[in-house]
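What follows is calculated from the coordinates using simple rules that are stated; it is not laboratory data. Just so we're clear, the structure is a prediction, and the values are computed from it rather than from any experiment. Methodologically, a virtual Cβ is constructed for each residue, glycine included, from the backbone with ideal geometry; neighbour enumeration extends over all protein chains shown.
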């Protein structure tokens, strides 16, 4: 038995450097820990907070807003500012509605909708518990599913009245739907849409920056050359700029602008 061991050991423990490999302990971009936290309620004011907390050992910690949920929450905040906290509007609803001609139908039957849609677009006002309202909301349900995951404090209100505005289409035909069990909210939204139409007919809305500042005639820590500032502003959809930074008036003749 001892003879067998004597001859087996050398071959069993013979190893080359090329046989060794580094252990994969995980790359740096995978070793961090990310926690999703949110608060929907009251402290010293009502608030909805959605946060992503990034941690790496005891060396690094950073809390940043959850961008997607924060954007969605802003929709609810705007609705609340409008006095309609239960308003859910599909993106593009207003622009599509204002770009076509349509006939208004109040609480129609399914047959009335099918008859009218053959020749023209429709704006339907209905309730969520009516026959046509249930059908329309069932089709549009995927558009508004995000409200369930958000758990916003607005939707914890037992007296909240919802109003949904969305658009259904089939080829060139479009059906615009305003669905709510509250006549007050429905009339309020229609009035707001009419006011928007009148405003856009009378004015052309442009976005711009007041109080922009440059470094052209200054030695202070301001953004930089006017063209650089204008470029950044245009990326955000601005079409006009008013420069009133320190000594910026001296740059007017040099730039030969407005």
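Worth a mention:
- Taking Cα atoms only, the orientation of helix 131-140 departs from the longest principal axis of the chain by about 40 degrees.
- Alpha carbon centroid spacing (whole Å) that separates segment 151-215 from segment 46-100: 16 Å
- In this label model, residue 249 and residue 106 are separated by 5.8 nm, measuring between points 7 Å along each Cα→Cβ vector.
- 222 nm mean residue ellipticity, helices alone, for the chain (DSSP H n ≥ 4; -39,500 (n - 2.57); rounded to 500): -10000 deg cm²/dmol
- Beta bridges per DSSP with both ends in the chain, % antiparallel, nearest 5: 60 percent
- Within the listed set 146, 240, 46, the Gaussian network model of the chain (springs between alpha-carbon atoms below 10 Å) gives the highest mean-square fluctuation for 240.
- Among 223, 158, 85, the largest mean-square fluctuation in a Gaussian network model of the chain (Cα springs under 10 Å) belongs to 223.
- Residue of 248, 149, 183 that the Gaussian network model of the chain assigns the largest fluctuation, springs spanning Cα pairs under 10 Å: 248
- Rounded tilt (10° steps) of 226-235 against the dominant C-alpha axis of the chain: 80 degrees
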